[in-house]
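Written below as structure tokens is the structure these notes are about.
The values are calculated or read from the model by the stated rules, or taken from the named source; none is laboratory data. Given the structure is predicted, the values throughout are model-derived calculations rather than measurements. All Cβ positions, even for glycine, are placed from backbone atoms using ideal geometry, and neighbour counts span all protein chains on display. Just the protein is used for accessible areas: all its heavy atoms, side chains included, with ligands, DNA and RNA removed. Shrake-Rupley method; radii C 1.70, N 1.55, O 1.52, S 1.80 Å.
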Amino acid sequence: MTLAKIVYASMTGNTEEISDIIEEKLEDEGIEIEREECSDVDSDFFEDADICIVATYTYGDGEMPFEFEDFFSDLKDEDLSGKIFGVVGSGDKDYGEFYCQSAKDFVEQFKLTGAKQGAELVCIEHNAEDEDIDLLQRFVEELVGNAE
């Protein structure tokens with residue numbers, strides 16, 4: 001059975017809710033899931049996963065959440081060849097060029113691991129609304145389709 005692992009950071013609850021929606025959508029696809037808050041895992045969390053997912057918010061002017069910093073910096077040293085990854089970000093468009101910057105940074109960091117991007121980056125302003133839930137459904141479908 002395909003195993004998807006989700007790691008997330010959430011300050012206001014928005015990103016946690018987004019990761020929960022992704023988990024539900026993966027379950028609907030018959031995928032086994034493990035979902036953890038980033039401060040509870042190390043960068044080797046994805047070692048046995050087929051699908052690797054990060055959900056993060058961006059702090060201030062494009063800054064990585066403090067609780068994700070170690071995970072992020074260590075991720076580049078992992079060998080995730082043969083795995084599929086996807087990244088979702090929550091943010092505030094008022095930050096302009098820094099909107100969902102941490103999520104964009106994670107896409108680049110994952111590429112250093114040898115993993116293949118299985119779905120386009122999804123950026124959600126604040127919390128997930130109906131159209132965002134549709135985007136997350138497509139995100140999951142793309143990841144699952146690329147993992148088969």
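Of note:
- Its Cα gyration tensor gives segment 104-148 an equivalent ellipsoid. The semi-axes, each the square root of 5 times an eigenvalue, are 21, 15, 5 Å from largest down.
- For segment 1-79, the fraction of alpha-carbon pairs lying more than 22 Å apart is 23 percent, rounded to a whole number.
- From the largest down, segment 49-148 spans 37, 31, 19 angstrom on the principal axes of its Cα atoms.
- Rounded to 5, the percent of DSSP beta bridges in the chain classed as antiparallel: 5
- Share of carbon and sulfur in the accessible heavy-atom surface of the chain [1.4 Å probe, %]: 39
- Surface calculation, 1.4 Å probe, protein heavy atoms: Asp42 sits at approximately 110 Å² accessible.
- Here the spin labels are modelled as points 7 Å beyond Cα on the Cα-Cβ line, and at Val41 and Glu148 they lie 2.4 nm apart.
- Of all lysines in the structure, the ones whose alpha carbon falls short of 21 Å from that of Lys116, not counting any fewer than 8 places away in one chain, are Lys5, Lys25, Lys76, Lys83, Lys104.
- Modelled spin labels at Asp61 and Glu125, positioned 7 Å past Cα toward Cβ, are 2.2 nm from each other.
- In the context of the full set of protein chains, segment 1-121 has a per residue accessible area of 47 Å² (1.4 Å probe).
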